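Okay, structure first, notes after.
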Amino acid sequence: MAGRVVTPDSHAFPTRRYDLVKEFVTALVVMALLVVVFAAAVGSPDEKAITMKSWAANAPFDVVATATSELAGTSTTAGYGPPYNRASDGQALGPITLQKWFGVTHPVNAATDLVINPVSTLSDSATQAAVAQWKQASADQQSTWANNYANALGKVSDGDPAKVATGDYGPVPVIAAGELTLAKGGSLDGLLTTSSTFYGTDPTNALLLLADGSYMANIANAENLSGDQWGMMNESGHYPGQPWLWLYTFWYQIPPFSTSDNADVQVMALMMLLSLVFAFVPWIPGLNKIPHGLKLYRLVWRNWYAQHPEAVTATQTTPTRV
Amino acid sequence: MVSSPPLPPAIPLDAGFVHWGFVNLSVPNIIVIVAMLVVFVLALVVPFPQDRP
């Protein structure tokens with residue numbers, strides 16, 4: 001049959017010896033050496049973790065203000081919603097309220113778990129009396145005391161509790177000072193770290209308290225690690241971070257995401273959609289013609305196209321088919 | 001909440017950042033991105049090794 005192209009049997013092609021195991025072992029050894037050398041020379045700095053003790057040493061007034069906000073129910077944790085409490089519905093994407101759907105799986109009472117329970121371990125009589133007075137008071141009374149104290153702290157320029165004007169604060173100043181005492185002594189980390197299994201430890205409460213303060217956020221800002229600083233891409237110190245996360249963190253920098261209360265779920269949904277688009281590019285009209293327009297394949301296979309100029313002419317004159 | 005408590009004394013400050021509009025890139029990240037682009041271009045233009053007999 002004239003003109004018919006017959007593909008020869010694969011065994012008819014010329015062959016040459018190739019040692020695949022040698023290539024694999026060589027690549028493994030070279031990459032392992034590179035990893036060791038670069039990890040030693042320019043590895044991640046592994047900064048020391050922020051502890052309650054370092055927080056108390058460097059920003060004691062912030063510890064007091066944060067403990068007060070937990071008692072007043074005005075902290076981020078207190079109003080977060082699921083999975084910690086029911087103070088709000090959490091983030092939503094239209095009718096999709098994922099946080100609410102999954103419910104309160106890790107209940108945290110901000111005032112009790114983050115402040116009262118740890119402080120009640122202090123044995124001095126003044127603190128014991130303050131905790132007892134707090135527990136016996138109504139929720140409204142507790143809120144009034146704590147909010148009064150939070151407002152009074154806010155009026156002091158540096159937040160120093162010693163400079164707060166007298167007022168109706170109930171036991172709140174003593175309890176907040178107790179939290180600072182525990183933090184300074186180094187025992188607050190342990191008191192806030194719970195264990196649900198024999199080996200595991202759960203630092204959720206400690207991290208929530210730390211995140212409710214300004215101290216950790218200020219350190220993150222100073223190192224360009226905050227969400228509105230493209231922080232997802234960055235590493236602390238003089239090290240490269242995760243530049244491949246550029247698109248994920250990009251959305252957080254522009255409206256409507258940068259001003260949205262639901263930015264996390266919106267960006268997650270958008271990235272899932274874009275990932276699907278990327279996976280299905282070959283079947284999406286328009287997008288699947290981009291390679292034909294870019295013609296990068298001509299550059300990759302330039303030797304072949306140099307030997308087959310008729311193929312270049314054919315693709316230039318023949319309408320692109322998919 | 002206290003607005004700006006002091007930072008710990010030994011905080012390593014940033015490695016230098018390039019601000020361009022709302023874009024905020026660290027110099028180390030730029031180096032990595034440029035290196036990736038260079039490798040991509042090299043992969044396109046460097047000739048394939050010729051077949052050995």
The condition from (1) at pLDDT 95 or above; (2) under 17 Å from the mean Cα position of the chain (by Cα); (3) within 14 Å of chain B (Cβ to nearest Cβ) that A:LEU208 misses is numbered (3)
Checking A:ASP261, A:ASP212 in turn, the sole residue that is in contact (Cβ under 8 Å) with a residue 40 or more places away in the chain, under 26 Å from A:LEU71 (Cα atoms) and either exposed (fewer than 14 other Cβ atoms within 10 Å of the Cβ) or not assigned by TED's automatic domain parsing to the domain that holds A:PHE61 (or both) turns out to be A:ASP261
Within the range A:213-244, residues within 8 Å of chain B (Cβ to nearest Cβ) and either acidic (Asp, Glu) or part of a helix (DSSP H, G or I) (or both) come out as A:TYR215, A:ASN218, A:ILE219, A:ALA222, A:GLU223, A:GLN229, A:MET233, A:GLU235, A:PRO243
Taking the range A:53-84 and keeping only residues that are of a type in the set (S, T, N, Q) and under 20 Å from the mean Cα position of the chain (by Cα), one is left with A:SER75, A:THR76, A:THR77
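Are there helices (runs of 4 or more DSSP H) fully within the range A:56-143 with at least 3 residues that are among the hydroxyl-bearing types (Ser, Thr, Tyr)? List them. Show your work before the answer.
Values: elements: A:60-72, A:98-102, A:125-136.
In the range A:56-143, the matching helices (runs of 4 or more DSSP H) lie at A:60-72.
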Practice problem: For the range A:194-202, state whether one or more residues are in the same structural domain as A:ALA67 (by TED's automatic domain parsing), closer than 30 Å to A:VAL108 by Cα and buried (at least 16 other Cβ atoms within 10 Å of the Cβ). | Solution: no
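Here are A:THR26, A:THR15: which of them is assigned to a helix (DSSP H, G or I), free of Cβ contacts under 8 Å to residues at least 60 places away in the same chain and not aliphatic (A, V, I, L, M)? First the steps, then the outcome.
Values: A:THR15 fails: assigned to a helix (DSSP H, G or I).
The conditions single out A:THR26.
Using the structure shown, decide if A:TRP251 is on the phi < 0 side of the Ramachandran plot, among the aromatic types (Phe, Trp, Tyr) and not assigned by TED's automatic domain parsing to the domain that holds A:SER275. Talk me through it step by step, then tell me what you get.
Numbers: on the phi < 0 side of the Ramachandran plot: yes; among the aromatic types (Phe, Trp, Tyr): yes; not assigned by TED's automatic domain parsing to the domain that holds A:SER275: yes.
It is true that A:TRP251 is on the phi < 0 side of the Ramachandran plot, among the aromatic types (Phe, Trp, Tyr) and not assigned by TED's automatic domain parsing to the domain that holds A:SER275.
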- Task: Kindly check whether there is at least one residue in the range A:167-186 that is part of a loop (DSSP other than H, G, I, E, B), more than 14 Å from chain B (Cβ to nearest Cβ) and among the hydroxyl-bearing types (Ser, Thr, Tyr).
- Result: yes
> Can A:GLY154 be described as surrounded by fewer than 21 Cβ atoms within 10 Å (Cβ to Cβ) and closer than 21 Å to A:ASP261 by Cα?
Replying inline: no
Conditions (1) within 12 Å of another protein chain (Cβ to nearest Cβ); (2) buried (at least 17 other Cβ atoms within 10 Å of the Cβ) -> A:ASP189 fails only (1)
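Test A:PRO256 against the criterion of being farther than 30 Å from A:GLY81 by Cα and free of Cβ contacts under 8 Å to residues at least 40 places away in the same chain, and give yes or no. So that I can check it myself, show each step before the final result.
Numbers: farther than 30 Å from A:GLY81 by Cα: no; free of Cβ contacts under 8 Å to residues at least 40 places away in the same chain: yes.
Judged against the criteria, A:PRO256 is not a match.
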Of the conditions (1) of a type outside the set (A, V, I, L, M, F, W, C); (2) part of a loop (DSSP other than H, G, I, E, B); (3) touching a strand residue (DSSP E or B) at 6+ places or on another chain (Cβ under 8 Å), the single one that A:GLN266 does not satisfy is (2)
Considering the range A:59-91, residues that are in contact (Cβ under 8 Å) with a residue 60 or more places away in the chain and among the charged types (D, E, K, R), and then whichever is farthest from the other protein chains (Cβ to nearest Cβ), we arrive at A:GLU70
Quiz item: Taking the stated definitions as given, is A:ASN234 over 16 Å from the mean Cα position of the chain (by Cα) and either surrounded by 17 or more Cβ atoms within 10 Å (Cβ to Cβ) or assigned by TED's automatic domain parsing to the domain that holds A:THR74 (or both)?
Solution: no
If you go through A:ALA49, A:ALA59, the only one that is closer than 27 Å to A:ASN218 by Cβ and in contact with a helix residue (DSSP H, G or I) (Cβ under 9 Å, 6 or more places away or on another chain) is A:ALA59
Sole miss for A:GLN242 among (1) free of Cβ contacts under 8 Å to residues at least 60 places away in the same chain; (2) buried (at least 16 other Cβ atoms within 10 Å of the Cβ); (3) not β-branched (Val, Ile, Thr) is condition (2)
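The values are calculated or read from the model by the stated rules, or taken from the named source; none is laboratory data. Only a predicted model underlies this, so the values are computations on that prediction, with no experimental measurement involved. We place every Cβ from the backbone using ideal geometry, glycine too, and count neighbours over all the protein chains shown.
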